[in-house]
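Structure, as structure tokens:
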Amino acid sequence: MALTAIHDELLVDIFLRLPTREDLIRASAACVSFRRLVADRSFLRRFR
């Protein structure tokens, strides 16, 4: 498994633990790669 994939998996796990959508929006505004992960359909289905 590539380091990037592990990195993305860890970020997704962290983002899924954020308590509110507002927190998720703030986190996704931090950088383009965060926004890409959060905007993914599979992530959005998993987030409450």
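What follows is calculated from the coordinates using simple rules that are stated; it is not laboratory data. Just so you know, these numbers come straight off a predicted model, no measurement behind them. Cβ placement follows ideal geometry from the backbone for every residue including glycine, while neighbour counts extend to all protein chains displayed.
Of all residues in the range 9-21, those that are more than 11 Å from PHE43 (Cβ to Cβ) have Cβ atoms under 7 Å from Cβ atoms of residues that are surrounded by 12 or more Cβ atoms within 10 Å (Cβ to Cβ), 6 or more apart or on another chain, in LEU18/LEU24; LEU18/ALA27.
Within the chain, which residues are of a type in the set (D, E, K, R) and part of a helix (DSSP H, G or I)?
First pass over the chain, keeping only residues of a type in the set (D, E, K, R): 8-9, 13, 17, 21-23, 26, 35-36, 40-41, 45-46, 48.
Hits for the chain are ASP8, GLU9, ASP13, ARG21, GLU22, ASP23, ARG26, ARG35, ARG36, ARG41, ARG45, ARG46.
Within the range 9-31, being surrounded by 12 or more Cβ atoms within 10 Å (Cβ to Cβ) and among the hydroxyl-bearing types (Ser, Thr, Tyr) holds for one residue alone: SER28.
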